[in-house]
Amino acid sequence: MIRKMMLVGGAMISALVLGTSTAEAATGYLISQGKDYAQYDSETGFAEVCDEEQDGNGVYAQYKQKIGMLTLRDSNGSKIGCGHATIPDVTSFRVCEDDAGADSCTTWRLVR
């Protein structure tokens, strides 16, 4: 009897540890440069860019779409709040800092 309870208990623990749900495809993507970041949700099309550094440099994100490209800015600088929009059909994006000289940008983040 004790052995049977141990086997059942072990099976329940294994199910909890291993999980029983099916894997779902990721829809959220995030890329950062220092504390600044941009994100995209491929399911909803929600895009956001946030300037989190009080360095006087503006921050923007570029979103490549199946047709064309869109630039989204965090227009209030490092104050609370971010720039956001709904952008359909994004294939890749990156975050850039408008600093002295050529802007510093991350590599393109692919969206699948």
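Throughout, read-outs are computed from the coordinates displayed, never taken from laboratory work. Worth saying up front: this structure is predicted, and the values here are computed from it rather than measured. Cβ: placed from backbone, ideal geometry, glycine included. Neighbour counts: every protein chain shown.
State the number of residues belonging to the stretch 44-65 that are outside any strand (DSSP E or B) and within 11 Å of Val111 (Cβ to Cβ). Outline the logic, then answer.
Pass one, the stretch 44-65, residues outside any strand (DSSP E or B): 44-45, 51-57.
Remaining after also requiring within 11 Å of Val111 (Cβ to Cβ): 45.
Of the residues in the stretch 44-65, 1 are outside any strand (DSSP E or B) and within 11 Å of Val111 (Cβ to Cβ).
Within the stretch 78-105, work out how many residues are touching a strand residue (DSSP E or B) at 6+ places or on another chain (Cβ under 8 Å), over 16 Å from Ser32 (Cα atoms) and not hydrophobic (A, V, I, L, M, F, W, C). Even if it seems obvious, please write down each step before you answer.
Applying the first criterion (touching a strand residue (DSSP E or B) at 6+ places or on another chain (Cβ under 8 Å)) to the stretch 78-105 yields 82-98, 103-105.
In the following step, the residues that additionally are over 16 Å from Ser32 (Cα atoms) were identified as 85-91.
Add one more test, that the residue is not hydrophobic (A, V, I, L, M, F, W, C), and what stays is 86, 88-89, 91.
Residues in the stretch 78-105 being touching a strand residue (DSSP E or B) at 6+ places or on another chain (Cβ under 8 Å), over 16 Å from Ser32 (Cα atoms) and not hydrophobic (A, V, I, L, M, F, W, C): 4 in total.
Please specify each residue of the stretch 30-43 satisfying the condition of being part of a loop (DSSP other than H, G, I, E, B) and of a type in the set (Asp, Glu).
Quick first cut of the stretch 30-43, residues part of a loop (DSSP other than H, G, I, E, B) only: 34-35, 42-43.
Glu43 - this is the single residue of the stretch 30-43 that is part of a loop (DSSP other than H, G, I, E, B) and of a type in the set (Asp, Glu).
How do the pairs read when you match residues in the stretch 49-62 that are within 19 Å of Thr86 (Cβ to Cβ) with residues anywhere that are assigned to a loop (DSSP other than H, G, I, E, B) and of a type outside the set (Phe, Trp, Tyr), using Cβ under 6 Å and keeping only pairs 6 or more apart or on different chains?
Between residues of the stretch 49-62 that are within 19 Å of Thr86 (Cβ to Cβ) and residues that are assigned to a loop (DSSP other than H, G, I, E, B) and of a type outside the set (Phe, Trp, Tyr), the close pairs are Val49/Asp74; Cys50/Asp74; Cys50/Cys82.
How about the stretch 67-110: which of its residues are among the β-branched types (Val, Ile, Thr), surrounded by fewer than 14 Cβ atoms within 10 Å (Cβ to Cβ) and in contact with a Gly (Cβ under 7 Å, 6 or more places away or on another chain)?
Going residue by residue through the stretch 67-110, those that are among the β-branched types (Val, Ile, Thr) are 67, 71, 80, 86-87, 90-91, 95, 106-107.
Filter once more, so that each one left must be surrounded by fewer than 14 Cβ atoms within 10 Å (Cβ to Cβ): 67, 71, 80, 86, 107.
Thr86, the sole residue that qualifies.
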